Structure formats: C-alpha cells, structure tokens
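Worksheet: one structure, shown below.
Laboratory data are not the source of any read-out in this text; all were calculated from the coordinates shown. Not measured: the values here are computed from a predicted model. We place every Cβ from the backbone using ideal geometry, glycine too, and count neighbours over all the protein chains shown.
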Amino acid sequence: GDATSKENTDLEKVSCDFDKYVMKTYNRQPLCFSHGDGAWLWEQDGRKLLDFVGGIATCSVGHCHPKLIDAVHQQMNRFHHLSNLYYIPQQVQLAKWLVEHSCADKAFFCNSGTEANEAAIKLARKYGKVRWNCKKPIIISANKSFHGRTCGSLSATAQPKYQSSFLPLLPGFLYIDYNDTPSFLKMVDNIIQSSDDSRIVGVMLEAAQGEGGVMPGDEKFFQTVRQVCNQIGALMILDEVQVGMGRTGKLWGYEHLGIEPDIFTTAKGLAGGIPIGAMMCKSHCDLFELGDHAATFGGNPLSCAAALAVCHIIEEEYLIENAKLRGMELQKGLEKLKQSFPQIISQVRGWGLLIGLQLEKEYTASQVIDVALEENLLVLSAGPNVVRLAPPLIVTQEQVQLALHLLNNVFKRLTWSN
Ligand code: PMP
C-alpha cells in the first residue's frame, strides 16, 4: 500500500512537519523507520539497522512478534476499551500473573512508568497517614535517579537538569547518593533527630540506575536500606520500570539484590511497547480506598491483553534465560573491546541486556551513537559519557556477535579520527 507509507516515512518531509507541528522535547536522530522484525528495523529505502536501543528498553519481545500481534488483533476484534466501572478479565489475568511471579500481592494499573511511580508516591503518603497520621511525609530517593517527568515522580528524580525549570516540586523529597550506605544512614539519622514531626514513609530507588548511567545496585547497600526500612517502618519502593520484565537476566531487578521491596513499579517492557504501567505492592501496604486513585485507561483490555501475551512469550521462549546468556556474551565481547580500545572505553557494566559502556573523558556517547548509526547499529546514551545497550530480549547469538563486530568498527573509526 505503499504510496502513503512512503510519504509517511520520507525523512525530509516528516522532519519538516515535526518542526512545524510537534513540540521539540526530544533530540531526534535523522531516521524514520518503515517497519521492524525481531531486532531489525528497516528504513523505506530498504536500509536495515540492528536495534540495540529497543525503544529505550521497551521492546522486550522484539518488533512485530506474531503472538503479540495476534493478541492485540483478537482483543481489538472483541473490544478494546471497557472502563474500570466493570470487571475486566484481561486485567485480573495480568494482575494474577504479576503477583504469582513477584513478591507482591496486589496490582494497580496505569499507563506509563512515571504514572506508576506517582501511584507509589501517593500510596507511601497514604501509608504514612494511616500508620502515624503523618503530615510531613518524607520520601528518600537517590541522586542521578530517573523516575519520570510528572511533578510527583520528577520530585523523586534527583537531577537538577530535569527539575530546575519546574520548581517548586512536591515537598518532602530528600536525596542521598546511590549505593552510598553512609550517605543513607546519615540522612535517616538527621531526619529522626529533627524535632519537627516529619517521618520517612518511603525510600524510592532503581534496582539499577538506567538513565543515570547504567549503575547496578549494590547488594550490601540495598540490604542496609531494607533493614533500616524494617526498623523505622518505612516502605521500600523499587522502580523496576527500566530493569524489570526480564531485561537483566532475572524477571525483576531486586532478585539481584537479595531483598524484596514493599512496592515496585513496572512499565516499559511490560507490554512490549504498548503503553501500560503497574504499581505492585505487598498486602501490608495495600491501603488505597475507593476513590483514592484511578486512571481512565489504567488496565484497559487492549494493554492488558498485550502485556499478558508478553508474559507468556517470556515464559514460552525462555527470554529471561536468553537475556542472561546473550547478556553474558555481550559483556564478554565488550570487555574484549575495552582491552582493544582502552583509550576509549573505561568500564563495562550492567546486568543481562542492560549494559553501559563508560567512555573516557575525550569521547562522548553521541560520537559513538553517530558512528554506530553509519555502521547500521542503533545504540543510545545514558548521560553524556555512557553508551547504553538495551536490545530486545529475543536478540540472538548471531546478532550479539554482529553488534560486537559493528562496535569494533565504530571504535576503530573513532581511534583514526581522534
Ligand atoms: N523510571 C525509570 C527507571 C525509567 O527509566 C523511566 C523512563 N526512562 C521512567 C521511570 C519513566 O517512564 P515513562 O517514560 O513510561 O513515564
């Protein structure tokens, strides 16, 4: 059908129309795809690119997975929206799967990661109110964190570059350094010593920081946070939006850390790229009452049918195991590249298929991204000096080796040009 689709993907026209009609909140690469399959994306002219961005870690089961397409089709043919005024079978099936495959007892559904974190912040405040009639709830989060852009989750996102134009934010957010136990203990002490009636209701952390540079959580730090939360009655809230749903070679990031959170949030990969978010909690903090919180589209049958299909694909195709094995191959190959190009790569870190390459100061992530693009490989950044790799969980051994080969070309070219 391809006159229209050609027109729709003509880069020059599309980019002009973007400038004219769409707010410029994203710095876009000069690319416009016509279709995808697995870990591949095609431009209209037939150029084929290997996708190690995966829609920023959303593309869990790859582009155009037939079972995901089928589930969405079937649901569209029945009905695609029912309000939460009625029982939605697809929603309860998804909630059941998530509960049976995590430490949580209950689910609340919304439409994105930031919205799931909003729900977690509200639930923590409600918990403080119910438990202590607390009027000055405090939530501790970490510097360099990313929890989203709406005003609540932005208040937890401790990065001045995201916050500074939008002050004042929600009161009651305090920041520690990630993985820094002394910084955390000192903060807790200060709050407990302070004479006003503030109270720590929650500690909100990413199991591995994604946007902050792909920083895996430190087991000892997380276990200390868990113990302190138990002692003072605060809720431990983990943001699993980027690391959850198998990306790290385990279903949930917290499984790497030997702890269980009271609340965790998931989105991104949950429905393989179709919008959905979920906040999961244990029963002791299942405290929302009628009217406390809601989202019109939250848990709609279409998103839930898609997410359920993704859950089943992850199980049937052993994608957690695949993420672990392909991730190990990728890390191993990247360590070799680090040895070949020590003047460019200073560290390789990550879990499973979420990997960061820390670059030496002379190099920027955008340099690598641009040259990789010329090599037909899509990668993304996580801050100015970290290249992030987040391929779909269906990525094959051959594709991992190809990506390593292409990255080798990229670093060779960067060496020549510097
Ligand atoms: N939390 C984390 C850890 C994230 O990485 C992101 C997105 N980068 C979000 C929350 C926000 O998710 P969304 O864009 O779906 O609102």
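For the chain, what is the relative contact order in percent, using Cα pairs closer than 8 Å and at least 6 residues apart in sequence?
21
Looking at this model, which pairs from Lys129/Lys282; Lys6/Lys48; Lys220/Lys361; Lys96/Lys268; Lys161/Lys220 are more than 22 angstrom apart at the alpha-carbon?
Over 22 Å Cα-Cα: Lys220/Lys361; Lys161/Lys220.
Percentage of Cα-Cα pair distances in region 68-316 greater than 29 Å, rounded to whole percent?
Numbers: 8319 of 30876 pairs.
When every Cα pair of region 68-316 is considered, 27 percent fall beyond 29 Å.
Just going by the charge dipole of the chain, with Lys and Arg at +1 and Asp and Glu at -1 on Cβ, which of Gly36, Ala295, Leu404 is farthest out on the positive end?
The Cα lying farthest towards the positive end belongs to Ala295.
For all pairs of alpha-carbon atoms in the chain, what percent lies in each bin of width 20 Å, listed from the first bin to the last filled one?
Calculated over all Cα pairs of the chain, the distribution is 26, 57, 17, 0 percent.
Return a whole-number percent for the relative contact order of region 314-413, with Cα pairs under 8 Å and 6 or more residues apart as the contact set. Kindly include the intermediate steps, with their values, before the conclusion.
Details: 144 pairs, mean separation 28.2, N = 100.
Worked out over region 314-413, it gives 28 percent.
Please report the antiparallel percentage of DSSP beta bridges with both residues in the chain, rounded to the nearest 5.
If I count the DSSP bridges inside the chain, around 60 percent turn out antiparallel.
Given a Förster radius of 41 Å and the C-beta distance between Glu374 and Met328 as r, what FRET efficiency does 1/(1 + (r/R0)^6) yield to the nearest 0.05?
Efficiency, rounded to the nearest 0.05: 0.90.
Taking the Cα centre of region 288-385 as origin, sum charge times position over the Cβ atoms of Lys and Arg (+1) and Asp and Glu (-1), and report the length of that vector in debye to the nearest 20.
400
Using 0.36 nm per residue of separation minus the Cα-Cα distance, give me the extension gain between Cys16 and Glu335 in nm, one decimal.
Residue separation times 0.36 nm, minus the Cα-Cα distance, leaves 110.7 nm.
Can you give me the distance in nm between label points at Ile232 and Lys106, each placed 7 Å from the Cα along the Cα-to-Cβ direction?
Between Ile232 and Lys106, the simple spin-label model gives 2.5 nm.
With a/c under 1.5 counting as rounded, go ahead and sort region 294-418 into rounded, prolate or oblate using the C-alpha gyration tensor (a ≥ b ≥ c being the square roots of the eigenvalues; past the cut-off, prolate if a/b is larger than b/c, else oblate).
Verdict is prolate for region 294-418.
Evaluate the distance, in nm, between pseudo-label points positioned 7 Å from the Cα of Asp45 and of Glu7 along their respective Cα→Cβ axes.
2.2
Angle check, please: helix 365-374 long axis (alpha carbons) against the longest principal axis of the chain (alpha carbons), in degrees 0 to 90, nearest 10.
That helix lies at roughly 40 degrees to the long axis.
Can you put Ser194, Ser183 in order, fewest other beta carbons within 10 Å first?
The order, fewest Cβ neighbours first, is Ser194, Ser183.
Let's test the formula: R0 of 60 Å, r as the Cβ-Cβ distance of Ile69 and His284. What FRET efficiency results, to the nearest 0.05? Walk me through the numbers on the way to the answer.
Working: r = 40 Å, r/R0 = 0.66.
Using R0 = 60 Å, I get an efficiency of 0.90.
So how much slack lies between Val99 and Lys24, counting 0.36 nm per residue of separation and subtracting their Cα-Cα distance, in nm?
The span from Val99 to Lys24 would gain 23.1 nm if fully extended.
Provide Thr415, Thr25 in ascending order of the number of other Cβ atoms located within 10 Å of each residue's Cβ, fewest first. Walk me through the numbers on the way to the answer.
Values: Thr415 12, Thr25 6.
Lowest to highest Cβ neighbour count: Thr25, Thr415.
Pick out, from Ser165, Val310, Thr265, the residue whose Cα sits farthest towards the positive end of the charge dipole of region 68-316, with +1 on the Cβ of Lys and Arg and -1 on the Cβ of Asp and Glu.
Projecting each Cα onto the dipole axis, the largest value belongs to Ser165.
In what order do Phe33, Phe109 fall by count of nearby beta-carbon atoms within 10 Å, going from fewest to most?
Phe33, Phe109
If you bin every alpha carbon distance in region 220-359 into 5 Å steps from zero, what whole percent lands in each bin?
Calculated over all Cα pairs of region 220-359, the distribution is 2, 9, 14, 16, 17, 15, 12, 8, 4, 2, 1, 0 percent.
Given charges of +1 on the Cβ of Lys and Arg and -1 on the Cβ of Asp and Glu, with all other atoms neutral, how large is the dipole of region 68-316 about its Cα centre, in debye to the nearest 20?
520
Want the number for Leu31 to Ser165: 0.36 nm per residue separation, take away the alpha-carbon distance, what's left?
Roughly 45.3 nm would be gained on extension.
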